[in-house]
Amino acid sequence: MDSVLEQVIAGIGPLNLEKTGECYAKLSSLAVPQDGNLTYLAGRIAGVSDTLQPSLLKKAVVLFAADHAVDGGENKTKGMGSKAAALEIAAGKGHINKVAHQIGAGVLLLDMGLEQNIPESEGVQDLKVMHGSHFWAKGPAMTEDQMLDSMFSGLQIGENLADEHYNALGLGNIGERGLLTAFILTAAFFRDSMNDLPSHMKSQGKLEQLTALMDRLRLDAGDPLDLLRRAGSPDIAAMVGLILAAAHRRLLVVFDNAVTGAAVLLSRALCSQVDDYVIPSARYAEPVHQMQMKKMGLKAFFETGQDTDQGMGSVIGLSLLDAAVDMMNKELK
């Protein structure tokens, strides 16, 4: 493992459990019943910030853009759809721009690996390491240099945001076929518990096929960096870097869908202490997302019938953090 990455991981400390417990005790003593989700979030905020009366959150939604499996045979649009979505956000006209603005969050778009190029502008950075990740069934999705470059870009962005006094980040993604990558990465974490996979993935020999595929590709969640190189993507690698940097600098990170969830799984595999700093948001009906939540033992804070990207679920999670801060400052005087 790279020495810089080792130093970041070594510097990730636990939240202040004493302050968390104090927060829970005071909230439970109040005569007015408290919302359970907000109480939980308040305790997490207290433990991370070391105070029962935190300052207002400075929030950002960080969107990681990359196309996946561009040489996998299903690439019909050649990245034009994700380019259009990215350009709309870059112009400030995306749905995510509007909802983020409503909660006072900035939006940062990072091109880690879109198949098509987009120009840099305010709030848009070109950090591209490749024009789409390779289809993992044909060989490694990335070279080691591409994987590390992406991860270190995420680390640097996280450090920069911490230096700018952000303390809550929402993850989002843009890109085609991201769910394909999220699935194979997530499945690797079930190697020792394949019977825990959803029933439709175990029927008609699918379990045997999946096991054989992972054996052939030598996918091992016990070596998260190698797994990321073999079956990941530059956007997910950069998310891992951001999550680690955020935990190192004691920032909260909200994630939503299966692509962002894959980054959380890998981050936790690199450093279990990351659990103290990551917060789920929505519960999706999508099976890969449900697999991830089961593996991590997490429960989402709200239900949604839609499977969204672009950080829409994370924005709602950030708004819940705002509500928890407001409750703390009103109730814990």
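The values are calculated or read from the model by the stated rules, or taken from the named source; none is laboratory data. The structure displayed is predicted, hence computed values, not measured ones. Here the Cβ is made from the backbone with ideal geometry for all residues, glycine too, and neighbour counts use every protein chain on show. Ligands, DNA and RNA are stripped out before the accessible areas are found, and what is left, the full protein with its side chains, is counted by its heavy atoms. Shrake-Rupley method; radii C 1.70, N 1.55, O 1.52, S 1.80 Å.
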Q.
At 20 °C and a viscosity of 1.002 mPa s, what translational diffusion coefficient does Stokes-Einstein give for the stretch 1-106, taking Rh as the Kirkwood radius over Cα pairs? Give it in µm²/s as a whole number.
A. 118 µm²/s
Q.
Give the lysines whose C-alpha is closer than 23 Å to that of Lys330, dropping any in the same chain fewer than 8 places away, or say none.
A. Lys19, Lys26, Lys58, Lys59
(Q) For the stretch 94-193, what are Rg and Dmax over the alpha carbons, in angstrom? (A) 15.7, 46
Q. Under 19 Å from the Cα of Lys333, which aspartates and glutamates turn up, not counting those fewer than eight places away in the same chain?
A. Glu18, Glu22, Asp35, Asp50, Asp322
Q) Considering only protein heavy atoms and a 1.4 Å probe, what is the carbon-and-sulfur percentage of the accessible area of the stretch 86-209? A) 49 percent
Q. What residues have an amide H closer than 5 Å to that of Gly94, excluding those fewer than 5 places away on the same chain, when H is modeled at 1.01 Å from N in the peptide plane?
A. Ile89
Q) In vacuo Debye scattering of the chain, one point per C-alpha: log10 I(q)/I(0) at q = 0.10, 0.12, 0.13, 0.15 Å⁻¹? A) -0.55, -0.79, -0.93, -1.23
Q. Restricting attention to the alpha-carbon atoms of the stretch 76-152, what are Rg (one decimal) and Dmax (integer), both in Å?
A. 14.3, 44
Q. Counting each DSSP H run of 4 or more residues in the chain as -39500 (n - 2.57), what helix-only mean residue ellipticity at 222 nm follows after dividing by all residues, to the nearest 500 deg cm²/dmol?
A. -15500 deg cm²/dmol
Q) Cα atoms only, the stretch 41-82: Rg and Dmax in Å? A) 20.1, 54
Q | Solvent-accessible area per residue for the chain (1.4 angstrom probe, square angstrom) | A | 42 Å²
Q: Quick one: plug the Kirkwood hydrodynamic radius of the stretch 1-56 (C-alpha pairs) into Stokes-Einstein at 37 °C, 0.692 mPa s, and report D in µm²/s.
A: 258 µm²/s
Q | Rh by Kirkwood over Cα pairs, then Stokes-Einstein D for the stretch 190-295 at 1.002 mPa s and 20 °C, µm²/s | A | 146 µm²/s
(Q) Using the Cα centre of the stretch 100-239 as origin and beta-carbon charges of +1 (Lys, Arg) and -1 (Asp, Glu), tell me which of Gly170, Phe189, His131 is placed farthest towards the positive end of the dipole. (A) Phe189
Q. Most fluctuating residue of Gln310, Gln209, Gln292 in a GNM of the chain with Cα springs under 10 Å: which is it?
A. Gln209
